[in-house]
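Peer 1: Okay, here's the structure, questions in a sec.
The values are calculated or read from the model by the stated rules, or taken from the named source; none is laboratory data. Predicted model, so just to flag it, every value in this text is computed and none were measured. Every residue, glycine among them, receives a Cβ derived from its backbone with ideal geometry; neighbour counts consider all protein chains shown. Only protein heavy atoms, including side chains, enter the accessible area calculation; ligands, DNA and RNA are left aside. Shrake-Rupley method; radii C 1.70, N 1.55, O 1.52, S 1.80 Å.
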Amino acid sequence: MPKSTCQNKVYENLFRTHAEPLINFIYYKSGNYSKSEDIMQDAFAKLWQECSKVSVDKAKSFLYTVAKNIFLNQVKHEKIVLKFEKRGHSQVSHESPQYLLEEAEFKEKLEKAIAALPEGQREVFLMNRIDKMKYREIAEQLNLSVKAIEKRMNKALVELRKVSRKL
């Protein structure tokens, strides 16, 4: 009889194996580590609630699907919240306004450039550059070929170079 995800040891093993990669998966989509952790916890809570319906060999797929759906639902809600947050942030600093202005402009341009990349390119770029994953590892994580990962990375770098020339 196959192991059930309802068994504590099996569930704990799934958590140890998939929690951090799941956080990274959502982080690459959202850019918010704290939110990524929360979504990971919600996904594992959902797995526990549905443990009798989810076999061990389907648990990873279930977790990623649930996490992605939670993320997409939150994005819809956050579009409205972000509009109000942007209005409320006005910081004044008398130390070096020119530096602060240039830093803020650079950060904004960098975030916009990365955010403007198509989702697939952005994921591959961040997984490689932030998480230091090799193309083969990224390919396994995203269920794509190494060639597809290379192509996405190349396109992402081309786009980011175009933006950097404008700076």
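Peer 1: Could you work out what % of the accessible surface of the chain is carbon and sulfur, using a 1.4 angstrom probe and leaving DNA, RNA and ligands out of the count?
Peer 2: 53
Peer 1: Using +1 on the beta carbon of Lys and Arg, -1 on that of Asp and Glu, and nothing else charged, what's the dipole of the chain about the Cα centre, debye to 20? Don't skip to the end; give the middle numbers.
Peer 2: Values: 31 positive and 22 negative charges, 141 e Å.
Using only the charged Cβ atoms, the result is roughly 680 debye.
Peer 1: Report which label in [x] 23, 20, 14; [y] 27, 19, 17; [z] 35, 22, 13 holds the value of semi-axes √(5λ) of the Cα gyration tensor in Å derived from the coordinates of this structure.
Peer 2: It is the value labelled [z].
Peer 1: Identify all lysines with a Cα-Cα distance to Lys76 below 27 Å; exclude those on the same chain that are fewer than 8 residues away in sequence.
Peer 2: Lys29, Lys35, Lys46, Lys60, Lys68, Lys86, Lys107, Lys109, Lys112
Peer 1: Let me ask another. Relative to the compact-globule scaling 2.2 N^0.38 Å, provide the ratio for the alpha-carbon radius of gyration of region 1-59.
Peer 2: 1.17
Peer 1: Residue farthest toward the positive end of the dipole of the chain, with Cβ of Lys/Arg at +1 and Asp/Glu at -1: which of Leu100, Val10, Ser55?
Peer 2: About the Cα centre, the residue reaching furthest to the positive side is Ser55.
Peer 1: Take peptides 34-43, 154-163, 105-114, 120-129 and line them up by average Cβ neighbours within 10 Å, highest first, as a rough protection proxy. The partial results should precede the final answer.
Peer 2: On the way: 34-43: 18.7, 154-163: 14.6, 105-114: 12.7, 120-129: 20.4.
The most tightly packed comes first, giving 120-129, 34-43, 154-163, 105-114.
Peer 1: Helix 97-116 sits at what angle to the longest principal axis of the chain, using alpha carbons and giving 0 to 90 degrees rounded to 10?
Peer 2: Here the helix axis deviates by roughly 40 degrees.
Peer 1: Report relative contact order for the chain in percent, whole number only (criteria: Cα-Cα under 8 Å, sequence separation at least 6). Numbers along the way, then the final one.
Peer 2: Details: 110 pairs, mean separation 33.9, N = 167.
Computed over the chain, the figure is 20 percent.
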